[in-house]
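Have a look at the structure below, then the notes.
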Amino acid sequence: MYAQQPPPPPRVAASELRPGRFGYWAGGAVIVLGVVVGITAFVVLLLRAVALPPFAVEVPGSGEGAFSYTPGPETVNIALYSTSASGSTGDCGLITPSGEPVGFADTSFTHESTEWTLVGAASPGESGEYTLVCEGEPGASYAAAAVPADFGAVGDIVGALASFFLIPLSGLVLGLVLVISTAVRRGNHKRRLTAERGGYPYRG
């Protein structure tokens, strides 16, 4: 005699399970979106870190030009740029609104583009109209720009790195939470339906 085989477990179609598969799609979309947003923010902030600040005034090698300056958190320094690779802080100076001369000092920061090079910076701390006076190399140009204490580069680079790692990581965590929670809830629903159709108690 053959032992009686137990009946197969009741069949539960995937389309019957709740919640639907939307959680899987949503989780995957959040992961992809986090990666895209993180990379985009990284590129934008990195480009901003290496971009030149807006110049308040630009003068030829020997010349002068007036500009307005107001100290603030984003305008702590007045930076001096030159188109000459050999430009120095002694090439130019500032005349403050009160008529006092202020020189530029060397800075530990470096900032270069295809045309301009950071030469030095000054922190006069007085609001009003300044005059940039230069007696530099013939054929060279000089420019002044109001910049933050870190010249904007440090904050943008830190923000770029944080965006590159934290935004995709946050998207990954949130996406996995959606996927896993959907899978767990669908699994629980399947076990409940199987128990109901098989006539045995369900223990959730």
Pop out the ³J(HN,Hα) list for segment 66-73 in order, Karplus 6.51 cos²θ - 1.76 cosθ + 1.60 with θ = phi - 60°, rounded to Hz; leave Gly and Pro as x. 9, 7, 9, 9, 10, x, x, x
Using the Cα centre of segment 83-180 as the reference point, and only Cβ charges (+1 on K/R, -1 on D/E), how large is the resulting charge dipole? Debye, rounded to the nearest 20. 500
In debye, nearest 20, what is the charge dipole magnitude of the chain about its Cα centre with +1 on Lys and Arg Cβ and -1 on Asp and Glu Cβ, if you could check? 3340
Give me the percent relative contact order of segment 77-160, please, defined on Cα pairs under 8 angstrom at least 6 residues apart. 42
Asserting the computed 222 nm helical MRE of the chain (DSSP H runs at least 4 long, -39500 (n - 2.57) per run, divided by residue count, to nearest 500) equals -13500 deg cm²/dmol
From the phi of every residue in segment 130-146, what ³J(HN,Hα) in whole Hz does the Karplus formula 6.51 cos²θ - 1.76 cosθ + 1.60 yield, where θ is phi - 60° and glycine or proline is x? 9, 10, 8, 10, 10, 9, x, 6, x, x, 8, 10, 10, 9, 10, 9, 7
Around Ser62, with a cut-off of 10 angstrom between Cβ atoms, what is the net charge of the other residues, counting Lys and Arg +1 and Asp and Glu -1? -4
With Rg/Rh (Cα atoms, Kirkwood Rh) in mind, check (i) 1.47; (ii) 1.00; (iii) 1.15 and report the label derived from this structure. (i)
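Equivalent-ellipsoid semi-axes (√(5λ), Cα gyration tensor) for segment 54-150, whole Å, largest first?
After diagonalising the Cα gyration tensor, the semi-axes are 19, 16, 11 Å.
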Cα-based helix-to-principal-axis angle, 153-198 vs the chain, degrees rounded to 10: 10
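Read the figures in this text as sums done on the coordinates, not as results from a lab. Values in this document were obtained by computation on a predicted structure and should not be read as measured data. Neighbour counts run over all protein chains shown; Cβ positions are idealised from the backbone, glycine included.
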